[in-house]
Structures are given as C-alpha cells and as structure tokens.
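Worksheet: the structure to be examined is printed underneath.
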Amino acid sequence: MTITPELQQRVEDLLADYAQAIDDDNVEAWPDFFTDDALYLVTTLEAESRGYPMAIMRCQGIGQIRDRVTALRKANIFEPHHHCHILSRPRLTRAEDGSIRARSAMLIYRTMETGKQDCFAVGRYQDTLVEVDGALKLRERRAILDTRQVDVLLVYPL
C-alpha cells in the first residue's frame, strides 16, 4: 500500500490536532487520539537506542491514558504552565500489517505563569497509526527525548 497525499494530510492533521489539544489545555480530548490497546511512552534516546525497557512515563491501554488525565486534573500539584508544540512534517511508511509508521521531530516550549519561557523537550515521535471506524488513531506513540535530563514537571503528556 502506498502513502497517498490524502493519507499524508490525514496523518498531519491528526498529529497537529493532538499537539493543539495539549497546547490548548484540552487534555480531556487526549485519550480520543488512541486505540483502546494503545501504548504511550516517554523515554530517552539513550534508553531507546540501547533497548532499555524503562520509560519516564508509560501508559498501556486507554484506561491508563485516561488515568493520566485524571491525575493531572485532580492529584498532581504543579505550577500552572502552557506548552507550545512545534512539529516537523512526519515521514510515513507502511508496515506489513497495514499500519502506518510516522516519525516526526518535536520541539516543545513551556511558558510559566511568570512569563518565563524555556525549551522543555526536544526529540522525536515514533508513531504507529491504524484506521478505526474510518478515523486514524494512535496505536503506539513513543516520545523519544534527545536528553536524559528531564524536568520534574512532566505532568502534561508530550
């Protein structure tokens, strides 16, 4: 199966909508981007390249993804802030099982209530997308950070 311009646009729209939901503090919409059996994880380039199974954040299945939103809204205590995602155009390939693999660069800036801004995360997304009832969904999202120095304020999904 080939990657058509229409499919490329659908993937780009999904990934942009994902980033916008987080940037607009609409994290309640975040689980809707995933399949029921999805894997979401945040790891480092070092851990990924060495095949280490550990992750900074790991959610296996939609239940854990929803729990992450509940924790953010009701349990976590953190200084309010906003994210701004900057994404590259994803490079797409088809896997043998028909799923779509997407790799895109990401740069996430964070702005604190004080106005302080900093580069919060730099790395890449490695995604596996599938069609579910006519819509594209993430079956797997790996946010791979270029550094192992991670701010302790990782409360919002990347």
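Here are the numbers for this structure:
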| quantity | calculated |
| --- | --- |
| Of the criteria (1) under 17 Å from ASP13 (Cβ atoms); (2) outside any strand (DSSP E or B), which one ARG148 fails | (1) |
| Whichever residue in the stretch 22-37 is out of contact with any Pro (no Cβ under 9 Å at 6 or more places or on another chain), under 14 Å from ASP67 (Cα atoms) and of a type in the set (A, V, I, L, M, F, W, C) and, among such residues, is least open to solvent (accessible area, probe 1.4 Å) | PHE34 |
| LEU145 vs. criteria touching a strand residue (DSSP E or B) at 6+ places or on another chain (Cβ under 8 Å), closer than 17 Å to ASP37 by Cα, buried (at least 16 other Cβ atoms within 10 Å of the Cβ) and in contact (Cβ under 8 Å) with a residue 24 or more places away in the chain | no |
| Selection from the stretch 59-116 of residues that are hydroxyl-bearing (Ser, Thr, Tyr) and either closer than 15 Å to THR128 by Cα or in contact with a Leu (Cβ under 8 Å, 6 or more places away or on another chain) (or both) | THR93, SER99, SER104 |
| Within the stretch 72-112, considering residues that are without any contact (Cβ under 8 Å) to a residue 60 or more places away in the chain and part of a helix (DSSP H, G or I), the one nearest to GLN8 (Cα to Cα) | ARG73 |
| Search result, residues across the stretch 1-21 that are surrounded by fewer than 16 Cβ atoms within 10 Å (Cβ to Cβ), over 17 Å from the mean Cα position of the chain (by Cα) and touching a residue at least 60 places away in the same chain (Cβ under 8 Å) | MET1, THR2, ILE3 |
| GLU48 open to solvent by 60 Å² or more (accessible area, probe 1.4 Å), touching a residue at least 40 places away in the same chain (Cβ under 8 Å), assigned to a helix (DSSP H, G or I) and not basic (Lys, Arg) | no |
| Qualifying residue in the stretch 20-29 (condition: in a loop (DSSP other than H, G, I, E, B) and under 13 Å from LEU158 (Cβ atoms)) | no |
| So VAL132, is it surrounded by fewer than 19 Cβ atoms within 10 Å (Cβ to Cβ) and either touching a strand residue (DSSP E or B) at 6+ places or on another chain (Cβ under 7 Å) or among the small types (Gly, Ala, Ser) (or both) | yes |
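The values are calculated or read from the model by the stated rules, or taken from the named source; none is laboratory data. Being a predicted model, the structure only gives us computed values, none of them experimental. Note: ideal-geometry Cβ built from the backbone for every residue, glycine included; neighbour counts use all protein chains shown. Note: areas computed on protein heavy atoms with side chains; ligands, DNA, RNA excluded. Shrake-Rupley method; radii C 1.70, N 1.55, O 1.52, S 1.80 Å.
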